[in-house]
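Here is the structure we will look at, set down as structure tokens.
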Amino acid sequence: MSSAFTKSAARNIFYGGAVFFFLMLLALTFDTMGQLPKRDNHENLSESVLRGKHIWETRNCIGCHTLMGEGAYFAPELVNVYTRRGPDFIKAWIQGQPTGAPGRRQMPNFNLTEEQLDDMVNFFKYTSEINISNWPPNIEG
């Protein structure tokens, strides 16, 4: 009983595996590209949402917070903050910073106008309506 592992057998395994995983990559890419338009919530994209995203980016909110699992883990995940807390709480929280509570991490006060606060709320509302397959796994982020 000969069980010699030859160079040609190794080559066949390598090429067979490479082809298999390349085809798997193509299939998963095709499936993802087919799913994204159904899940991205693009029909609710408005100028206010875009302005809120601009505020999110220019104030470096992602430097502390996560959004849809992307960003830093210094502060809470905010993809579902709109459904958890509501628009009035979001505005009050952003306006009320810093709280000055000893021993707590402090969010800076960005001195946003009422229109900018509305834009941020609309941005959080928009992100909360994106189908992200039950992320985060718990309601509190």
Quiz prompt | Boolean, GLY71 is exposed (fewer than 12 other Cβ atoms within 10 Å of the Cβ), more than 16 Å from TYR126 (Cβ to Cβ) and at pLDDT below 95 | solution = no
Practice problem: Among the residues of the range 47-68, write down those that are on the phi < 0 side of the Ramachandran plot, of a type in the set (S, T, N, Q) and open to solvent by 50 Å² or more (accessible area, probe 1.4 Å). | Solution: THR58
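Looking for something assigned to a loop (DSSP other than H, G, I, E, B), surrounded by 11 or more Cβ atoms within 10 Å (Cβ to Cβ) and in contact with a helix residue (DSSP H, G or I) (Cβ under 6 Å, 6 or more places away or on another chain) - is there at least one such residue anywhere in the range 21-40?
Of all residues in the range 21-40, those assigned to a loop (DSSP other than H, G, I, E, B) come to 40.
Going one step further and asking which of them are surrounded by 11 or more Cβ atoms within 10 Å (Cβ to Cβ), we end up with 40.
If we keep only those that are in contact with a helix residue (DSSP H, G or I) (Cβ under 6 Å, 6 or more places away or on another chain) as well, we get none.
No.
If the requirement is being part of a loop (DSSP other than H, G, I, E, B) and open to solvent by less than 60 Å² (accessible area, probe 1.4 Å), which of these qualifies: VAL79, VAL121? Reasoning before the result, please.
Details: VAL121 fails: part of a loop (DSSP other than H, G, I, E, B).
Testing whether each residue is part of a loop (DSSP other than H, G, I, E, B) and open to solvent by less than 60 Å² (accessible area, probe 1.4 Å) leaves just VAL79.
Can you tell me which residue among GLN97, GLN106 is assigned to a loop (DSSP other than H, G, I, E, B) and open to solvent by less than 30 Å² (accessible area, probe 1.4 Å)? Spell out how you get there, then give the answer.
Details: GLN106 fails: open to solvent by less than 30 Å² (accessible area, probe 1.4 Å).
Sole residue among the options that is assigned to a loop (DSSP other than H, G, I, E, B) and open to solvent by less than 30 Å² (accessible area, probe 1.4 Å): GLN97.
Mind checking whether some residue in the range 67-86 is out of contact with any Leu (no Cβ under 8 Å at 6 or more places or on another chain), polar (S, T, N, Q) and in contact (Cβ under 8 Å) with a residue 24 or more places away in the chain?
Initially, the range 67-86 is screened for residues out of contact with any Leu (no Cβ under 8 Å at 6 or more places or on another chain), giving 68-76, 80-86.
Still in the running and polar (S, T, N, Q): 80, 83.
Filter again for in contact (Cβ under 8 Å) with a residue 24 or more places away in the chain, leaving 80, 83.
Yes; the residues of the range 67-86 include at least one that is out of contact with any Leu (no Cβ under 8 Å at 6 or more places or on another chain), polar (S, T, N, Q) and in contact (Cβ under 8 Å) with a residue 24 or more places away in the chain.
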Quiz item: Is it true that some residue in the range 124-139 is surrounded by 12 or more Cβ atoms within 10 Å (Cβ to Cβ), touching a residue at least 40 places away in the same chain (Cβ under 8 Å), more than 20 Å from the chain's Cα centre (by Cα) and closer than 17 Å to SER48 by Cβ?
Solution: no
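The values are calculated or read from the model by the stated rules, or taken from the named source; none is laboratory data. None of these values were measured; they are calculated from a predicted model. Note: ideal-geometry Cβ built from the backbone for every residue, glycine included; neighbour counts use all protein chains shown. In case anyone asks, the SASA skips ligands and DNA or RNA and just uses the protein heavy atoms, side chains included. Shrake-Rupley method; radii C 1.70, N 1.55, O 1.52, S 1.80 Å.
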